[in-house]
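For reference, the structure is listed below as structure tokens.
The values are calculated or read from the model by the stated rules, or taken from the named source; none is laboratory data. Treat the numbers as computed from the prediction; the structure is a model and nothing was measured. Note: ideal-geometry Cβ built from the backbone for every residue, glycine included; neighbour counts use all protein chains shown. To get the accessible areas, we keep the full protein, side chains included, count just its heavy atoms, and leave off ligands, DNA and RNA. Shrake-Rupley method; radii C 1.70, N 1.55, O 1.52, S 1.80 Å.
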Amino acid sequence: MLKYGIFLVLLCILEYGTGLYFHIAETERKCFMEDIPDETTVLVNYKVELYDPRTGGFAPSSPGMGMHVQVRDPDDKTILSRVYSSEGRFSFTSFMPGEHIICLYSNTSSWFSGAQLRVHLDIQVGEHAIDYSNTAHKEKFTELQLRIHQLLDQVEQITKEQNYQRYREERFRQTSESTHRRVFWWSLIQTVIVLIMGTWQMRHLKSFFEAKKLV
């Protein structure tokens, strides 16, 4: 489905964030797959570094450099498409459960003339995407109130994850039943075809022997 290089990150447990980096060249695209429950916030922090041939390492990119970010839901509908700067963060909320694809690529090749980029990526899902220090400052929570708020968010996220697992189990069951039905009907059709072919061959042989006056 994707024409460019694809790097897939499959997360089975969404309570933990993912920190990584990857290299990307001009016009190249890197995509990540996140299995996310519905109504879940995803926060992505990123930083782009430019390869320095003089030192053989990576240095902070120029101010004009940026990355195009595209996010698609399980129905392949675009829910986010925007050009960001060389360092920052973006977030989105899932409206349906399933595999969401996050793609990043340079918005133009004229900035670095074919040089290699290193992109640092940190993906936070669920309550890990919430800045509780900022929430405590805005809402003027005490330490106990903030802790209770965190626990409530964790319980809500666990509930979403359980609902999503039940959704996946239901889809898997439906797929298994559909496969079983198709295998059954295919076997039945094969059996009927074999019986028809056997009957036809017997009638044909009988007609042949009768024509030759062998029987």
Compare Met202, Met67 by solvent-accessible area with a 1.4 Å probe and give them largest first, with all protein chains kept in place.
Met202, Met67
Give the residue from Leu146, Ser176, Met202 lying farthest towards the positive end of the charge dipole for the stretch 132-214; charges sit on Cβ (+1 for Lys and Arg, -1 for Asp and Glu) and the dipole is referred to the Cα centre.
Met202
Counting other Cβ atoms within 10 Å, keep those with at most 16, restrict to DSSP loop, and tell me which trypsin sites (Lys or Arg not before Pro) in the stretch 171-215 are left.
Lys212, Lys213
Probe 1.4 Å, heavy atoms of protein chains only: per residue, the accessible area of the stretch 22-85 in Å² is 46
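Which order do Leu144, Leu50, Leu121 take when ranked by solvent-accessible area (1.4 Å probe, heavy atoms of all protein chains), largest first? The partial results should precede the final answer.
On the way: Leu144 120, Leu50 45, Leu121 5 Å².
Ranking Leu144, Leu50, Leu121 by accessible area, largest first, yields Leu144, Leu50, Leu121.
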Kindly report, to the nearest 10 Å², the accessible surface of Lys47 as traced by a 1.4 Å probe over protein heavy atoms only.
80
Nearest-10 value in Å² for the accessible area of Val183, using the 1.4 Å probe
90
Cβ under 9 Å from Leu104's Cβ, Leu104 left aside: what net charge do those residues give with Lys, Arg +1 and Asp, Glu -1?
+2
Taking H placed 1.01 Å from N in the peptide plane, check which residues at least 5 places from Leu80 or on another chain put their amide H under 5 Å from its amide H.
Val71
Would you mind calculating the gained length between His204 and Ser178 on full extension (0.36 nm times residue separation, minus the Cα-Cα distance), in nm to one decimal?
5.5 nm
Given unit charges at Cβ for Lys, Arg (+) and Asp, Glu (-), the dipole magnitude of the stretch 132-214 about its Cα centre in debye, nearest 20, is 820
Top to bottom by accessible area (1.4 Å), largest first, where do Arg168, Arg82 land?
Arg82, Arg168
